[in-house]
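Chemist: Take a look at this one; I'll ask things after.
The values are calculated or read from the model by the stated rules, or taken from the named source; none is laboratory data. Keep in mind that what you see is a predicted model, and the values were worked out from it rather than measured. All Cβ positions, even for glycine, are placed from backbone atoms using ideal geometry, and neighbour counts span all protein chains on display. Each accessible area value is taken on the protein alone, full model and side chains, heavy atoms only, with ligands, DNA and RNA left out. Shrake-Rupley method; radii C 1.70, N 1.55, O 1.52, S 1.80 Å.
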Amino acid sequence: MAEAQTIGRGEVSIRNLSKSFALNGRDLDVLRGIDLEVVSGQCVAIVGASGSGKTTLLRILAGLEPADGGDVLIDGAPIRGVGSERAVIFQEPRLLPWLTVMGNVAFPLEVRGLAANEAAQRARRYLRLVGLLDFADAYPAQLSGGMAQRVGIARALAVQPELLLLDEPLVALDAMTRMTMQEELARIWAEEHLTMVLVTHDLEEAVYLADRVLILPKHKGSAIRTIEVDLPRPRDRSDSRFVWLRQFLLAEFGLH
Amino acid sequence: MSLIDTEQGHAYRQTRFDSAFAAGLAEKAAAGLIQIGARYGVLVSFLVFWQVASEVGWLNPAVFPPLDRILAALWNGLAGGFLLDDVAISLQRAGLAFSAAVVIGIPLGLFMGQVKAVERSLDPILQLFRQTSALALYPVFILLLGLGEASKVFVIFWATLFPTLLATIGGVKQADPKLVEMARVYGASRLTIFRRVVLPGAVPSIFVGLRLSATTALLLLIAAEMIGANRGVGFQVMNAQYNFQIPLMFAAILLLALLGLSANYALERLQGRLCRWNRLGR
Ligand SMILES: Nc1ncnc2c1ncn2[C@@H]1O[C@H](COP(=O)(O)OP(=O)(O)OP(=O)(O)O)[C@@H](O)[C@H]1O
Ligand SMILES: [Mg+2]
């Protein structure tokens, strides 16, 4: 990686990453020897058994957790804490209940020192993108679960990140809303030229959204398995290749 | 012909509309009355019972005078001015103590809730102080500060401080770590996190403390004014009883109740304005 010809936006490069936690006086290996490359503009899904370290990996990428060993580079530079080129969409909306929908989306912009009217303007744009402009003045307690999650998504997008990190962002939603939101995410990802790392348990979601699906091994130190999803977009869930890939991933889990 | 027809038709519709409108209005009025009745019915019955029982003699009117005599005593006291003076001096004592408790309790609570080491080392002594009745300490305060205003205000302050202080600490400590983490992801500094995440989240809890403190302030005010005071509403209760001016005594008690109600109402209004979001919850 000495001379990258095109410095990508939100490019991730992880080499030999390791991370362990002290648990009951013992060291618990969570990640060992992890290598991972995400090219700019790509969407990579990470799946794996519960406890395989997906959330930990994402938190390290977000800068919320330090790595123990190895290199974690974003656009060629080692990670040092959180960064303005990254945004996270959590499993829960995590909205501030005392701010309106508008206030919540504008919050990170204000934190980053944008002028109030500029922040409001940008917030409005992304609220329109997730279809919630009419609810700009509502408070989080007045929203449905799916609407609240969309506000969280608008908030992450409004900071115009190069790298968007998602940790099971749709898991709390009902099946119908989840499918609609997957379509929304696919559309926004393309429109905004985002690089995305998506942690999910939903294999269909992984196949629907990702260019590549990575399976984190259960046995620490084993290699990550990679499945390329070379399907045209927008994707068709009933397409035979789509169904086949989903079954294939399912089998990976069922058998191992 | 047709003109008359339409006019008649119009008039017909108009009356139908009017009667429907009137019926709707009556319905609304009835619903309103039922609501008021449900809310204040018991209170009104209680007052009516008092009045009747006192007049008929079920209750000893020397101990429970009829309400009209209590209200007359209240009016005389207020119009004569001496009850107003009592209210003023009482408000000054309670207000001073309450303000001091707020000005010290909230910032100290915010600090203690934020800095774990401080909270841990101060908590035991706080618990000890809190569990020691302020009234039991009143003689100590009198010894230290004399029988004047200072000891009165201080004993009220002492009792009033703890509800606000502890509620503030609690409010800060229960800040949602997930929200804090969210703010951290977006690059918020510690100060910004405190100002925009921790503090707003603590406001409802702080208000619970403030309302408890206000109640406590009035409670302690009366106790303090019953010992070694020659003015104030609490003094007036004792004094009237001593001189067997029972209507005046009840008038003073009623005033105290009104003071408590208005303090609570004011805090409720303020809370409503500051945390509209908190009442939207489902
Ligand atoms: N702060 C922590 N302290 C101690 N152990 C931790 C901590 N965070 C995570 N772990 C451990 O690390 C392991 C991996 O956790 P992680 O949350 O990354 O798993 P995951 O793959 O996201 O699982 P899931 O699919 O259930 O969300 C778990 O065994 C967990 O107990
Ligand atoms: Mg997880």
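Chemist: Taking amide H positions as placed in the peptide plane 1.01 Å from N, state which residues far from A:ARG212 in sequence (5 or more) or on other chains have amide H under 5 Å from it.
Modeler: A:CYS43, A:ALA45, A:VAL229
Chemist: Using a 1.4 angstrom probe and counting only protein chains, how large is the accessible area of B:LEU135 in Å², to 10?
Modeler: For B:LEU135, the solvent-accessible surface is approximately 90 Å².
Chemist: Using helices alone, I'd like the mean residue ellipticity at 222 nm for the protein assembly as shown: each DSSP H run of four-plus residues gives -39500 (n - 2.57), total over residue count, nearest 500. Numbers along the way, then the final one.
Modeler: Numbers: 18 runs with 324 residues, N = 538.
The helix-only estimate for the protein assembly as shown comes to -20500 deg cm²/dmol at 222 nm.
Chemist: Please report, for the Cα atoms of the range A:1-114, the Rg to one decimal and the Dmax as a whole number; what are they, in angstrom?
Modeler: For the range A:1-114, the Cα-based Rg and Dmax read 16.5, 48 Å.
Chemist: Could you give the angle, 0 to 90 degrees to the nearest 10, between helix A:175-192's Cα long axis and the longest principal axis of the Cα atoms of chain A?
Modeler: 90
Chemist: Place +1 on the Cβ of every Lys and Arg and -1 on the Cβ of every Asp and Glu in the protein assembly as shown, take the dipole about the Cα centre, and give the residue among A:PRO234, A:PHE21, A:VAL47 whose Cα lies farthest towards its positive end.
Modeler: In the protein assembly as shown, that residue is A:PHE21.
Chemist: Sticking with this one: Sorted by accessible area with a 1.4 angstrom probe, largest first, how do B:PHE235, B:PHE244 fall?
Modeler: Putting B:PHE235, B:PHE244 in descending order of accessible area: B:PHE244, B:PHE235.
Chemist: Right, something else. Partner chain Cβ atoms within 10 Å, averaged over the residues of B:184-194 - can you pull that number for me?
Modeler: That works out to 5 on average.
Chemist: Solvent-accessible area per residue for the range A:29-98 at a 1.4 Å probe radius, Å²?
Modeler: Counting only protein heavy atoms, the per-residue value for the range A:29-98 is 37 Å².
Chemist: Next question. How many Å² of accessible area per residue for chain B, probe 1.4 Å?
Modeler: 59
Chemist: Which is farthest toward the positive dipole end of the range B:213-282 among B:ILE246, B:GLY234, B:ALA263, measuring Cα position about the Cα centre, with Cβ charges +1 (Lys, Arg) and -1 (Asp, Glu)?
Modeler: Value: B:ALA263.
Chemist: Please give the helix A:116-129 orientation as an angle from the longest Cα principal axis of chain A, in degrees from 0 to 90, rounded to the nearest 10.
Modeler: 70
Chemist: Please compute one quarter of the surface area of the Cα convex hull for the protein assembly as shown and express it in square nanometres.
Modeler: Hull-based average projected area comes out at 44.1 nm².
Chemist: What helices in chain B pass both tests, a Cα length along the helix axis of 27 Å or more and a mean Kyte hydropathy of -1.0 or higher, using whole DSSP H runs?
Modeler: Result, helices passing both filters: B:2-56, B:82-114, B:149-173, B:199-226, B:246-274.
Chemist: Shifting gears a bit: List the accessible area buried at the contact between B and A, summed over both sides and calculated with a 1.4 Å probe, in Å² to the nearest 100. Walk me through the numbers before you get to the answer.
Modeler: On the way: alone 17850 and 12830 Å², together 28430 Å².
About 2300 Å² of accessible surface is lost on pairing.
Chemist: Which value, to two decimals, describes the C-alpha radius of gyration of the range B:32-156 once divided by 2.2 N^0.38 Å?
Modeler: 1.65
Chemist: Expressed as cubic angstrom per residue, what is the convex hull volume of the alpha carbon set of chain B? Don't skip to the end; give the middle numbers.
Modeler: Numbers: hull volume 69.0 nm³, N = 282.
For chain B, the hull spanned by Cα atoms encloses 245 Å³ per residue.
Chemist: Using a 1.4 Å probe, how large is the accessible area of B:MET238, given in Å² and rounded to the nearest 10?
Modeler: The accessible area comes out at roughly 80 Å².
Chemist: Can you tell me the Rg and Dmax of the range A:93-243, counting just the alpha carbons, in angstroms?
Modeler: Expressed in Å, the Cα Rg and Dmax of the range A:93-243 come to 16.9, 51.
Chemist: Something else about it: Could you tally the net charge around A:LEU31, taking each other residue with its Cβ under 10 Å from the Cβ of A:LEU31, Lys/Arg +1 and Asp/Glu -1?
Modeler: So the surrounding residues net to +2.
Chemist: Something else: Got a sec? What order do A:HIS193, A:HIS201 fall in by accessible area at 1.4 Å, biggest, i.e. largest, first? Show your work: numbers first, answer last.
Modeler: Working: A:HIS193 130, A:HIS201 100 Å².
The ranking, largest first, comes out as A:HIS193, A:HIS201.
Chemist: Sticking with this structure for a sec: Run the dipole for the range B:110-243 about the Cα centre, Lys and Arg Cβ at +1, Asp and Glu Cβ at -1, nothing else charged, and hand back the magnitude in debye, nearest 20.
Modeler: Dipole of the range B:110-243, to the nearest 20 debye: 460 debye.
Chemist: Let me ask you something else. Provide the descending list of Cα extents for the range A:96-160 along its principal axes, expressed in whole angstroms.
Modeler: Ordered largest first, the range A:96-160 gives principal extents of 30, 23, 17 Å.
Chemist: Whenever you get a sec, line up A:LYS218, B:LYS152, B:LYS173 from highest to lowest accessible area (probe 1.4 Å, protein heavy atoms).
Modeler: From most exposed to least exposed: A:LYS218, B:LYS173, B:LYS152.
Chemist: Putting +1 on Lys and Arg Cβ atoms and -1 on Asp and Glu Cβ atoms, find which of B:GLN35, A:TYR208, A:LEU250 reaches farthest to the positive end of the dipole of the protein assembly as shown.
Modeler: B:GLN35
Chemist: Something else now. Using the crude model of +1 on Lys and Arg Cβ and -1 on Asp and Glu Cβ, and no other charge, please compute the dipole size for chain A relative to its Cα centre, in debye to 20.
Modeler: On the way: 28 positive and 33 negative charges, 59 e Å.
For chain A, the charge dipole is close to 280 debye.
Chemist: With +1 on each Lys and Arg Cβ and -1 on each Asp and Glu Cβ, and nothing else charged, work out how big the dipole of the protein assembly as shown is about its Cα centre, in Debye to the nearest 20.
Modeler: It works out to roughly 860 debye.
Chemist: Measuring from centroid to centroid over Cα atoms, what is the spacing of the range B:106-120 and the range B:258-276 in Å?
Modeler: After rounding, the separation between the Cα centres reads 26 Å.
Chemist: Of the listed pairs A:LYS218/B:LYS178; A:LYS54/B:LYS173; B:LYS116/B:LYS178; A:LYS220/B:LYS178, which have alpha-carbon separations greater than 20 Å here?
Modeler: A:LYS218/B:LYS178; A:LYS54/B:LYS173; A:LYS220/B:LYS178
Chemist: If you find the alpha carbon centre of the range B:201-226 and of the range A:130-206, how far apart are they in angstrom?
Modeler: Cα centroid of the range B:201-226 versus Cα centroid of the range A:130-206: 45 Å apart.
Chemist: If you don't mind, there's one more thing I want to ask. Note down the accessible area of A:ASP35, probe 1.4 Å, to the nearest 10 Å².
Modeler: Its heavy atoms expose roughly 90 Å² to the probe.
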